[in-house]
Amino acid sequence: MSRFLTEKHNGLSPYVPGEQPKDDQYIKLNTNELPFPPSPLAQRLAREAAGTVNLYCDPECTALRKTAAEVWNVDPDEIMFANGSDDVLNYAFSAFCDEKHPLVFPDVTYSFYTSIAALNHVPYEEIPVDEEFRILPEDYYSCNKNVLLANPNAPSGIALPLSVIEKILQTNPDNIVMIDEAYIDFGGETATKLINRYDNLVVIRTFSKSCGMAGARLGAAIACKELIEDMNRLRNSLNPYCINSMTMQAGIGALLDRSYFESCLKRIGAIREDAAEKLRAAGFTVTSSTTNFLFVKHPAYPGKEIYEDLKKKNILIRHFNTPRLKEWARISIGNEEEMEVLLETLLGLLKERTDA
Ligand code: PMP
């Protein structure tokens, strides 16, 4: 830290992202990316846009919002795009949360939330999930604070039904309820259809997971027009050109190419269920994930050792070294071949252990 860093920032503890190795020595199952490339249409439109980057990109993302509005069945004025959903979260936090408007979210959930709360000086309370990593809905009814829930939650992959989200909205009418739907396309019911009924709802989406565009950085907020205006006030004060022309066009392509999108989701669902079944048969506890990752533990094989042993075999998964999560390992769903290698390696390692 230099002697120039301002006092308000010297207590920050930034989010630690999963490893991003610089070579392709690994089968990479650690950061919940899609194992397939983005849609061919998304790629073509992005390539074409590359020839136009002498000009500034459209700060209002007009064409992208129009396409997204049609696909998501909302109005273009009910959408704001930003540089990944992490960026959207930052605008939502800084628009709606402060000392007078504190926040609650589960313990355990996406660990970035604590970093972004600290950056924005937002007091927060973490409400424990139960032993099986389930969010207890009653904890959030009439809680009288802003609420942030990942649905499905991470790293458990477990989704809450829409009826619960609706009750949280109804019982907290004077607080903002943010629903982070990073993994919703893989399973679960989106809250988007509720934005016209609840002026306190912000749905947050990303193109990083289901659209295979993690490296392009595209996220969205979907909410009533007034909330979108508030977040745009922040976005346009900080970085109005936060979506580059290529990403904007790739986003349009990903949204238009429904058949590619649907086929990717179907493939991921099938691979996930097959892997979950094989892991359960080998004695693993596997949470009921409706996402593109599995959260697993085995009585004879601590999560940290699974992570370390797999890394030695050139397979990267994610381990969280915190008291509640240390027994567990999170495995992103790879393609068919990658998951075959993962399962063969992991089950082989387990056998060596239990035979020894
Ligand atoms: N929300 C959740 C629950 C996530 O797991 C992630 C990705 N790690 C994000 C948001 C951020 O996604 P991105 O910034 O790539 O859109």
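If we only count strands (runs of 3 or more DSSP E) wholly inside segment 82-178, which ones have 2 or more residues that are open to solvent by 30 Å² or more (accessible area, probe 1.4 Å)?
Qualifying strands (runs of 3 or more DSSP E): 124-128.
Of the residues ILE228, ILE158, only one is within 24 Å of PHE133 (Cβ to Cβ) and either at pLDDT 95 or above or not assigned by TED's automatic domain parsing to the domain that holds ASN73 (or both); which?
ILE158
If you go through segment 57-71 one residue at a time, how many are within 16 Å of the ligand (Cβ to nearest atom) and not in a loop (DSSP other than H, G, I, E, B)?
Residues that pass the stated criteria total 2.
CYS57 passes all but one of (1) outside the structural domain of ALA216 (by TED's automatic domain parsing); (2) more than 27 Å from ASP185 (Cα to Cα); (3) hydrophobic (A, V, I, L, M, F, W, C); which number fails?
Every listed condition holds for CYS57 apart from (1).
In segment 267-310, how many residues are free of Cβ contacts under 8 Å to residues at least 12 places away in the same chain and farther than 19 Å from ILE158 by Cβ?
4
Looking only at residues in segment 119-144 that are modelled with pLDDT of 95 or more and within 23 Å of ASP87 (Cβ to Cβ), which one is farthest from the ligand (Cβ to nearest atom)?
PRO123
Just for helices (runs of 4 or more DSSP H) wholly inside segment 186-293: which have at least 1 residues that are surrounded by 22 or more Cβ atoms within 10 Å (Cβ to Cβ), among the polar types (S, T, N, Q) and more than 16 Å from the ligand (Cβ to nearest atom)?
245-256
Collect the residues in segment 7-30 that are open to solvent by 70 Å² or more (accessible area, probe 1.4 Å) and of a type in the set (A, V, I, L, M), keeping them in residue-number order.
VAL16
Quick one: is GLU33 surrounded by 11 or more Cβ atoms within 10 Å (Cβ to Cβ), within 17 Å of PHE293 (Cα to Cα) and at pLDDT below 90?
Considered against the rule, which asks whether it is surrounded by 11 or more Cβ atoms within 10 Å (Cβ to Cβ), within 17 Å of PHE293 (Cα to Cα) and at pLDDT below 90, GLU33 comes out as no.
The values are calculated or read from the model by the stated rules, or taken from the named source; none is laboratory data. All values reported here derive from a predicted model rather than from experimental measurement. When we count neighbours, we look across all protein chains shown, and the Cβ atoms used for this are built from the backbone with ideal geometry, even at glycine. Note: accessible area is taken over every heavy atom of the protein model, side chains too, but ligands, DNA and RNA are not part of it. Shrake-Rupley method; radii C 1.70, N 1.55, O 1.52, S 1.80 Å.
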